[in-house]
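Report on the following structure.
The values are calculated or read from the model by the stated rules, or taken from the named source; none is laboratory data. Keep in mind that this is a model prediction, so the values were computed, not measured. Here the Cβ positions follow ideal geometry from the backbone for every residue, glycine too, while neighbour counts run over all protein chains shown. With ligands, DNA and RNA removed, areas are computed over all heavy atoms of the protein, side chains included. Shrake-Rupley method; radii C 1.70, N 1.55, O 1.52, S 1.80 Å.
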Amino acid sequence: MGKLTFSAIPIDNPIIMSAVVCAILIAIWIGHEITKRKRWSWLWNEWLTSLDHKKIGIMYVVLAIVMLVRGFFDAILMRLQQAMAEGSSHGFLPPGHFDQIFSAHGTIMILFAAMPFLVGLMNIAIPLQIGARDVAFPFLNSVSLWLTASAAMLVMVSLGVGDFSKAGWSGYAPLSELGFSPDVGVDYWTWALQIAGIGSLLSGINFLVTILRMRAPGMTLMRMPIFVWATFFTNMLMLAAFPVLTAALAMLSLDRYLGMHFFTADHGGNPMLYVNLFWIWGHPEVYIVILPAFGIFSEVVATFSSKRIFGYESLVYATGAITVLSFAVWLHHFFTMGAGADVNAAFGIATMLIAIPTGVKIFNWLFTMYRGRVRFASPMYWTLGFLTTFAIGGMTGVLLSLPPADFVLHNSLFLVAHFHNMLIPGALFGYFAGFSYWFPKATGFMLDEKWGKRAFWCWICGFYLAFMPLYVLGFLGMPRRMEHYANPAWQPWLILAAFGTLLIFFGILFQGIQIATSLGPKRRAADPDPWDGRTLEWATSSPPPSYNFAVLPEVKDRDAFLEMKRAGIHSPTRYEDIEIPKGSAKGAFIGASSFACGFGLVWHIWWLAAMAALLILLIVISRSMEEETMTILPSGEVKRIEEAGHVL
Amino acid sequence: MNRLLKTFPIAVLLSGCESAPLLDPAGPIGKSELHLILISFALMLIVVIPVTFMAFWFPRKFSASDPKGKYEPEWSRSSSIEFVVWLVPAIIVAALATISWRATHRLDPFRPIPGNPVRIEAVSLDWKWLFIYPDLGIATIDRLVIPVNVPVSFRLTSASVMTSFFIPSLGSQVYAMGGMQTRLHLLAQREGEFTGQNQQYSGRGYADMHFRVEAVSADRYAKWAEQVSRSGVKLDDARYAEIEKPGISYPVREFSGVEPGLFGKIVKGK
Ligand code: HEM
Ligand SMILES: [Cu+2]
């Protein structure tokens, strides 16, 4: 069994063990409920093996929510620890555990909460918005999902079996090298990132091809909804950035497994190379998580202002400019590494340039509301919360782009405040807006507004209370990642931040209640077009049939559906047979094998890793030999579904 | 400078107390950096204030339930507005870029401060700092004594992982990395005791990797150096091997002698 022994299970650690026991109990309870309701075969046939982009999207979002909750519990632990650990008190976490928690929190939030959330929303909305029946490669889509899920599983398992990385989410060498991190933590981190990275790369390819090749007749590039544009640029970033991460982590693994010296401080290795490679991926990555949210805000603000989006071309060019620039700024993450003033200044200025297109976008959203009729539904709440909060984060970001300012603020809690100020209002609020906007479309039920708005108020107030004190702490000289500290002046601010986190906890709780009431016995069925939508997803029933559009729509305007509504919608006179992909379990099997492979590699269980890798290969070969991957839905059946109006 | 400080409420709130080192810098580097932060902050408010104002005002004014402005659902472009929204941020960024270019060159940590400096070689170890005074032939652990109004010229390296050497009251941090040396130049203009710290997470003992900085008069500095050099404990190979071992909350130590060229050897990976 390689390095794996029973001592890998931290039974002596009550905090970890109770988390593990909780997770196992929840899993057992869910399993029990499914058995009681005899839903296993439904779950397997209708969901886990489905190649329908909408269902894959929903599964991605479920994964994201589960991981968001896990990441948030990590955040609570950190906030409690830091609120207590002043002076001689070293808080309540066992030594070394705090280090695992911030590493896990960062990794999980970015790769297993934000990424699946945005890919899920893309899955739900993109084919519908471009008037397509599916994505370009439905099976690949399922593979991406299961790779992401199995990577997330790997991170979860590290809780109970062995340790997670203690080297931060960025895993800087040489700290992440074998000499300084001899346990399996870093390996869990690398293999989880590798597997998830391949999943993201594959979805990047999939959506680029979908957007380029599968638009409905008449939908020229300049008629695509802004969210489609945002997704397009996001996937270009994924395609270009993720291979860099894969290569960097592969080199780190060669160092760790085969004793090579890519990034060691001695024997000719160079840790600075790692830092560069990490951020050549890492900076575009933050735009990967934020651009789709920008796309969602654009959709929401136009719909809920009942007005065309202001400055469409500007928005598109601005997004394109951000995409290009985001590859030219990575050095701003380490101005303090000792590059010359010319290099630092050049990268600093490149970073500031991004503020221009970003500023333009904000003005476009504001002027979309101008002379509109703003309806305050919960997607709009998240959008307004973003608009009023994001400027602060942008401002502190530009501040950090000034190398001399960064010389004093680098790696401080000011920085932590800055990037949460971008990621929570910028990315997360965008996903929440998208979630509440498309929930009726994806599930066929309206999302409860009352709990949604309560959740919003908790989140926004909690955000300010949890993160504004961190800006102050930066000026008080507090570094990030402190397990404990000797300076009593920091403590009051950290206690405030802990209260803010408590408020966010209620926000998340209320979102849970919101989802439960919206799907529970008192649920309310959603109309096809509950928000008076402007784009094509609202032309389908809620939820849409498996084939989305019985007849492919003809696009004549940017606000394609609005134009159709004005011209009058006629039901089609004749239907045709539609080809839809058959479900396939092979995606799930590839995911499971990847998990086994990753686990084997982490613990040096070579036979397991080799067998799992071989299995993946065999599944891929057998899938490519399959001939009948599609089935035909006869026109009679399409007619029946369309006339019944509602389907699943 | 002080007048500038007073215009920022939060700065006023904090500058009073000693505990806000970035707002109350003890040397010219930190002061320039604070100055730069405040100037660019003010410049950015030119955009941020109107944006925030509009973000509250527009949805209220054009609220569907109680609209106070006209409704033009097709109005979606205006060259003059577009021109302004590209131009204003561009001008501000151009201004900031100019400021940044000049400040980055002026405040380059590698750039010596005019004057005859005290030379110090700082080595980051797991999890403590070793300071070698090559001109005095003495060394300390986790205690840095420097004379006021004399430039201090640091060479930094690491005998273990990557760390960042930072004295918040004086300004500018720079990484210390194994197998190479980086430079940092600071100057204290005020006598006092400050905290120095590692600002780059480096493993288990990171949170305890801070040290005391004492900026003292030239007299006291000379006296202190004299005292240390008479204390009789030398930093030889055996002792270095001992302090190189990872350890948390290592006691402050002073050495009356150092093997010459120790720093160079550490850089070469000893
Ligand atoms: C929901 C509320 C959240 C809270 C209360 C929270 C809190 C924290 C805290 C306390 C830290 C450690 C700060 C330190 O180094 O001292 C941290 C780090 C971090 N957080 Fe969050 N966070 C939240 C949400 C998020 C989200 C949504 C993301 C990303 C999408 C995120 C990404 C990160 C990253 C990347 C780090 C750095 C981890 C590292 O140092 O390696 N956080 N967060
Ligand atoms: Cu960046």
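For the stretch B:234-258, residues that are open to solvent by less than 50 Å² (accessible area, probe 1.4 Å) and either closer than 15 Å to B:Ala122 by Cα or β-branched (Val, Ile, Thr) (or both) total 5. So which residues in the stretch B:124-152 are open to solvent by 40 Å² or more (accessible area, probe 1.4 Å), at negative phi and of a type outside the set (A, V, I, L, M, F, W, C)? Across the stretch B:124-152, the qualifying residues are B:Pro134, B:Asp135, B:Arg143.
Within the option set A:Val408, A:Val398, being within 16 Å of ligand 2 (Cβ to nearest atom) and either more than 23 Å from A:Val61 (Cβ to Cβ) or assigned to a loop (DSSP other than H, G, I, E, B) (or both) holds for one residue only, A:Val398. Just one of the numbered conditions (1) more than 22 Å from B:Leu235 (Cα to Cα); (2) in contact with a Ser or Thr (Cβ under 8 Å, 6 or more places away or on another chain); (3) in a strand (DSSP E or B) is not true of B:Ser169: (3).
Here A:Val275 meets each of (1) within 14 Å of chain B (Cβ to nearest Cβ); (2) open to solvent by 10 Å² or more (accessible area, probe 1.4 Å); (3) within 16 Å of ligand 2 (Cβ to nearest atom) with one exception, condition (2).
Considering the stretch A:350-384, and only residues there that are touching a Ser or Thr at 6+ places or on another chain (Cβ under 6 Å) and outside any helix (DSSP H, G or I), the residue that is most open to solvent (accessible area, probe 1.4 Å) turns out to be A:Arg373. Being aromatic (Phe, Trp, Tyr), in contact (Cβ under 8 Å) with a residue 40 or more places away in the chain and not in a loop (DSSP other than H, G, I, E, B) is a property that B:Tyr221 has. Restricting the stretch A:397-409 to residues that are crowded, with 24+ Cβ neighbours inside 10 Å and either modelled with pLDDT under 95 or at the interface with chain B (Cβ under 7 Å from one of its Cβ atoms) (or both), the residue that is nearest to the chain's Cα centre (by Cα) is A:Val398.
Report yes if some residue within the stretch A:171-186 is within 22 Å of A:Pro116 (Cβ to Cβ) and within 13 Å of another protein chain (Cβ to nearest Cβ); otherwise report no. Spell out the reasoning first.
Step one: of the stretch A:171-186, the residues within 22 Å of A:Pro116 (Cβ to Cβ) are A:171.
This time we only want the ones that are within 13 Å of another protein chain (Cβ to nearest Cβ), so: A:171.
The answer is yes, given that some residue of the stretch A:171-186 is within 22 Å of A:Pro116 (Cβ to Cβ) and within 13 Å of another protein chain (Cβ to nearest Cβ).
Scanning the stretch A:278-327 for residues that are under 28 Å from A:Ser378 (Cα atoms) and within 16 Å of ligand 1 (Cβ to nearest atom) yields A:Glu285, A:Val286, A:Tyr287, A:Ile288, A:Val289, A:Ile290, A:Leu291, A:Pro292, A:Ala293, A:Phe294, A:Ile296.
B:Val84 passes every criterion in (1) closer than 20 Å to A:Phe335 by Cα; (2) at pLDDT below 95 apart from (1). Applying the set (1) within 42 Å of the chain's Cα centre (by Cα); (2) in a helix (DSSP H, G or I) to B:Arg60 leaves exactly one unmet item: (1).
Of all residues in the stretch A:95-118, those that are within 11 Å of chain B (Cβ to nearest Cβ) have Cβ atoms under 7 Å from Cβ atoms of residues that are within 16 Å of ligand 2 (Cβ to nearest atom), 6 or more apart or on another chain, in A:Phe102/A:Gly168; A:Ser103/A:Gly168; A:Ser103/A:Trp169. Somewhere in the stretch A:143-166, is a residue within 16 Å of ligand 1 (Cβ to nearest atom), open to solvent by 10 Å² or more (accessible area, probe 1.4 Å) and within 14 Å of chain B (Cβ to nearest Cβ)? Yes; the residues of the stretch A:143-166 include at least one that is within 16 Å of ligand 1 (Cβ to nearest atom), open to solvent by 10 Å² or more (accessible area, probe 1.4 Å) and within 14 Å of chain B (Cβ to nearest Cβ).
With A:Leu249, A:Leu239 as the choices, which residue is surrounded by fewer than 19 Cβ atoms within 10 Å (Cβ to Cβ), at negative phi, in a helix (DSSP H, G or I) and touching a Leu at 6+ places or on another chain (Cβ under 7 Å)?
Values: A:Leu249 fails: surrounded by fewer than 19 Cβ atoms within 10 Å (Cβ to Cβ).
Result: A:Leu239 is the single residue among A:Leu249, A:Leu239 that is surrounded by fewer than 19 Cβ atoms within 10 Å (Cβ to Cβ), at negative phi, in a helix (DSSP H, G or I) and touching a Leu at 6+ places or on another chain (Cβ under 7 Å).
Out of curiosity, is A:Ser18 farther than 15 Å from A:Leu145 by Cα and of a type outside the set (A, V, I, L, M, F, W, C)? Taking the combined requirement at face value, the residue satisfies it.
Tell me which residues, restricted to the stretch A:330-349, are among the hydrophobic types (A, V, I, L, M, F, W, C) and assigned to a helix (DSSP H, G or I). Walk me through how you get there before you give the answer.
Step one: list which residues in the stretch A:330-349 are among the hydrophobic types (A, V, I, L, M, F, W, C), which gives A:330-331, A:334-335, A:337, A:339, A:341, A:343, A:345-347, A:349.
Hits for the stretch A:330-349 are A:Trp330, A:Leu331, A:Phe334, A:Phe335, A:Met337, A:Ala341, A:Val343, A:Ala345, A:Ala346, A:Phe347, A:Ile349.
Listed by first and then second residue, the pairs with beta-carbon distance under 8 Å, at least 6 apart or on different chains, first residue in the stretch A:57-70 and within 10 Å of ligand 1 (Cβ to nearest atom), second in a helix (DSSP H, G or I) and modelled with pLDDT under 95, form an empty list. For the stretch B:31-42, the criterion of a residue being under 30 Å from A:Pro403 (Cβ atoms), within 9 Å of chain A (Cβ to nearest Cβ), in contact with a helix residue (DSSP H, G or I) (Cβ under 7 Å, 6 or more places away or on another chain) and not in a helix (DSSP H, G or I) is satisfied by no position.
Determine if the stretch A:111-118 includes at least one residue that is away from ligand 1 (no atom under 11 Å from the Cβ), crowded, with 24+ Cβ neighbours inside 10 Å and within 20 Å of the chain's Cα centre (by Cα). Steps first, answer last, please.
Initial filter on the stretch A:111-118 (away from ligand 1 (no atom under 11 Å from the Cβ)): A:116.
If we keep only those that are crowded, with 24+ Cβ neighbours inside 10 Å too, we end up with A:116.
If we keep only those that are within 20 Å of the chain's Cα centre (by Cα) too, we end up with A:116.
Checked the stretch A:111-118: at least one residue is away from ligand 1 (no atom under 11 Å from the Cβ), crowded, with 24+ Cβ neighbours inside 10 Å and within 20 Å of the chain's Cα centre (by Cα).
So, in the stretch A:333-349, of the ones that are modelled with pLDDT of 95 or more and open to solvent by 30 Å² or more (accessible area, probe 1.4 Å), which residue ends up nearest to ligand 2 (Cβ to nearest atom)?
Let us first name the residues in the stretch A:333-349 that are modelled with pLDDT of 95 or more, namely A:333-337, A:341-349.
Of the ones still in play, those that are also open to solvent by 30 Å² or more (accessible area, probe 1.4 Å) are A:333, A:342-343, A:346-347, A:349.
Values: A:His333: 5, A:Asp342: 20, A:Val343: 15, A:Ala346: 15, A:Phe347: 10, A:Ile349: 14 Å.
The qualifying residue nearest to ligand 2 (Cβ to nearest atom) is A:His333.
Yes/no per residue for (1) crowded, with 22+ Cβ neighbours inside 10 Å; (2) more than 10 Å from chain A (Cβ to nearest Cβ); (3) assigned to a strand (DSSP E or B):
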| site | (1), (2), (3) |
| --- | --- |
| B:Lys70 | no, no, no |
| B:Pro73 | no, no, no |
| B:Ile99 | no, no, no |
| B:Ala103 | yes, no, no |
| B:Pro109 | yes, no, no |
| B:Ala122 | yes, yes, yes |
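Set side by side, the residues A:Met352, A:Met369, A:Met380, A:Met337 differ, and just one is more than 7 Å from chain B (Cβ to nearest Cβ) and more than 16 Å from ligand 1 (Cβ to nearest atom), which is A:Met380.
Among the residues of the stretch B:53-68, how many are in contact with a helix residue (DSSP H, G or I) (Cβ under 8 Å, 6 or more places away or on another chain), surrounded by fewer than 17 Cβ atoms within 10 Å (Cβ to Cβ) and at the interface with chain A (Cβ under 7 Å from one of its Cβ atoms)?
As a first pass, look at the stretch B:53-68 and keep what is in contact with a helix residue (DSSP H, G or I) (Cβ under 8 Å, 6 or more places away or on another chain): B:54-56, B:58-59, B:62, B:67-68.
With the extra rule that they be surrounded by fewer than 17 Cβ atoms within 10 Å (Cβ to Cβ), the set shrinks to B:56, B:67-68.
If we keep only those that are at the interface with chain A (Cβ under 7 Å from one of its Cβ atoms) as well, we get B:56, B:67.
Number satisfying all stated conditions: 2.
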